[in-house]
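The values are calculated or read from the model by the stated rules, or taken from the named source; none is laboratory data. Bear in mind that the values here come from a model prediction, so they are computed numbers and not experimental data. Cβ: placed from backbone, ideal geometry, glycine included. Neighbour counts: every protein chain shown. Just so you know, the surface numbers come from the protein's heavy atoms only, side chains and all, with ligands and any DNA or RNA stripped out. Shrake-Rupley method; radii C 1.70, N 1.55, O 1.52, S 1.80 Å.
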Amino acid sequence: MRVDVRALGACNRLAERGAGQAAGALTDLTGTDLSVEVTGASVASGEDLAEAFAGRESIGVSVGLRGGLEGEAVLAFDADNVDALLSLLPGGSSMGRSAVTEVGNIALGGFLDGWANYLGKAIDMTPPRYFEADGAAVLPDGALAGDGVFLFESRLDATTTDLDFSIYMLPDSGQFRDLVVGKTAPAAAPGADGEAGNDGADSTAVPYESLSTFASLAKRGSANAADNIAMMTGLDTSVDVSRLRFVPLADVPAEVGVEPHAGTVFELQGEPSGYLAILFEEESAAKIAASMLPSEPDEPLGGMAENALCELGNVMTSGFIDGWANVLGTSITHSPPEFVHDIGSATISPLVAKLSRRQDYGFVIDAAIQTEGIQTRCDVYALPDERELARALERLSEP
Amino acid sequence: MSHPPSSRERTHSPAPDAGRIKVGVSDLSVATGGETLTTSGLGSCVAVALVDRSAGVRGLLHAMLPNGTGSDTGIERPGKYVDTGIETLIAELEDAGASAGRLEARVAGGAEMLDLTDAVGPRNVARAEQCLDAAGIPVVERAVGDGVGRTVRFRADGRLVVRAADGFERTL
């Protein structure tokens, strides 16, 4: 199966609107202003999704779909966040079940409304079914078999209180898959055309299997980067999350957030070219730098720490892209590190701007790496050029 | 429950409530009441704040790149570019009751964050000045350039509060 990148972009936009409706419904219910920070599509096999949900408890609703789209759609909240969310409701946690059902129903309704417009066909949904599920049981029945599903994840952020959480939508149907693989030509819905913004002559269809291989490659890269931190610092490390997602590039800075960050950025050269950023929150950056220095530096993030973080970034990046060249059959190198220390989103926005000249959406690999003992965490963001990645993935699928 | 197709296309915009409207990257928004327009994490991106004080109408743009004209990706998000963003913002302000002749501008951002990305920040600022000049809109204040990220709040009184990464705050 081949994923049409442009169609996937349009699908993501619809998911974003659905999430916007969910945010609006939650704002009305809780009286707390919520907005959608980022919406992305995870591109992974059912097995990857099952792994991603392992150990997580979800609460949500599912609906059956008939008509233009058949199958099942699920909207799920992480159980950890549901309590915080429910505490905002006037009726408290007793409102939980009905509130979750109501919000889920509104959000999925908004989501499917957009789909109906896009497809030019009505979609009927059955009444919502409330569920509480462990791990991958949240996924629709068809998700774990065969090609898996696309998981749309939106992060919602309360603007006035310290609450942010994700909602997930999992449309599971043959028609949906046909749409993302570009088999179905969408109805001429206004605004739907060209939403993915990839009007170039280059092919934008990528083999699904190659994407899956690339996601595994990214995961190995994250593990290599973590191993290299362990080697440099002598601290135990682990990869907390490693994902390959398809997101609107303009949303990436918001995902990094407004907290001050320090770290390094690199330009990747070869095919695919692109950028890689390794960002620590300030406190983590200072701690990890100190762990590499023979004595406590005068300034937590002064020149000595900067050198240490650059050196660390260098070996992490080498580890991260190690293996890409072999698997993709290309040569990929990286620039020397450039130290950054600023508002997180401001450090990454120039990279996003540079890539955005040619694309509005992109595949983004993000990984969170933690160290034991001194409790630090860093986020790695790899932003490959979409057309070059598509070409590399195309070659990967050739026998 | 049925979701029939309709030709009506909803546009996604931040909900104006609790007195605050968040403007994302490549986005623009207009306020006609007491709301504060905010945008965060301006690195090389530029924020253009326009106000018509007598009409009580304000607008904020957070643009990423200087020129939309002739770009590869089309103009489905006019706020992505400084030129198309300013043009669209002026049009939306006029729709909301502002007069282009009474608008004044404040510009923030456009930092040179990285050597890797060939001075996109200063080019964003230069393009903003050029487009505003062409539209006959005076730039009354600016906090631009340097290598520092910024977050801005555009208050109901038409003043722009610019907070730098080090916490230093200026009101323009």
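Some notes on this structure:
- Dividing the mean sequence gap of close Cα pairs (under 8 Å, 6+ apart) by how many residues the range B:20-150 holds gives a relative contact order of 27 percent.
- Scattering from chain A was approximated by placing one identical point on each alpha carbon and applying the Debye formula without solvent; log10 I(q)/I(0) at 0.08, 0.10, 0.12, 0.13 1/Å stands at -0.43, -0.67, -0.96, -1.12.
- Cα-only Debye scattering, the range A:283-330: base-10 log of I(q)/I(0) at q = 0.26 Å⁻¹: -0.86
- Under 15 Å from a label point set 7 Å out along the Cα-to-Cβ vector of A:ALA79, the amide N atoms of the range A:103-139 belong to A:131-139.
- Probe 1.4 Å, accessible area per residue of the protein assembly as shown, Å²: 37 Å²
- Here's the list of lysines a cross-link from A:LYS354 could span, going by alpha-carbon distance under 19 Å and ignoring same-chain residues fewer than 8 apart: B:LYS80.
- Equivalent ellipsoid of the range A:207-397: semi-axes from √(5λ) of the C-alpha gyration tensor, largest first, are 28, 18, 14 Å.
- The residues of the range A:340-382 occluded by other protein chains by 40 Å² or more of accessible area, set against the chain on its own, are A:ASP342, A:ILE343, A:ALA346, A:SER349, A:PRO350, A:ALA353, A:LYS354, A:SER356, A:ARG357, A:ASP360; surface from heavy atoms, 1.4 Å probe.
- Ordered by 1.4 Å accessible area with all protein chains kept, A:TYR208, A:TYR130 run largest first as A:TYR130, A:TYR208.
- For the range B:20-150, a Kirkwood radius taken over Cα pairs fed into Stokes-Einstein (25 °C, viscosity 0.890 mPa s) yields D = 171 µm²/s.
- Candidate lysines - alpha carbon under 19 Å from A:LYS121, same-chain residues fewer than 8 apart omitted: A:LYS183
- Solvent-accessible area buried by pairing A with B, both sides, nearest 100 square angstrom, 1.4 angstrom probe: 4100 Å²
- By the rule of a C-alpha distance below 19 Å, with chain neighbours fewer than 8 residues away ignored, the aspartates and glutamates paired with A:LYS287 are A:ASP227, A:ASP236, A:ASP240, A:GLU259, A:GLU296, A:ASP298, A:GLU299, A:GLU306, A:GLU311, A:ASP342, A:GLU372, A:ASP379.
- In the range A:122-136, the residues that give up 20 Å² or more of accessible area when the other protein chains are added, compared with the chain on its own (1.4 Å probe), are A:ALA122, A:ILE123, A:ASP124, A:MET125.
- Accessible surface of chain B, 1.4 Å probe: 47 percent of it comes from carbon and sulfur atoms.
- Calculated mean residue ellipticity at 222 nm for the protein assembly as shown: -11000 deg cm²/dmol, from DSSP H runs with n ≥ 4 weighted as -39500 (n - 2.57), summed, divided by the residue count and rounded to 500.
- 0 to 90° range, to nearest 10: angle between helix A:282-292 axis and chain A longest Cα axis: 40 degrees
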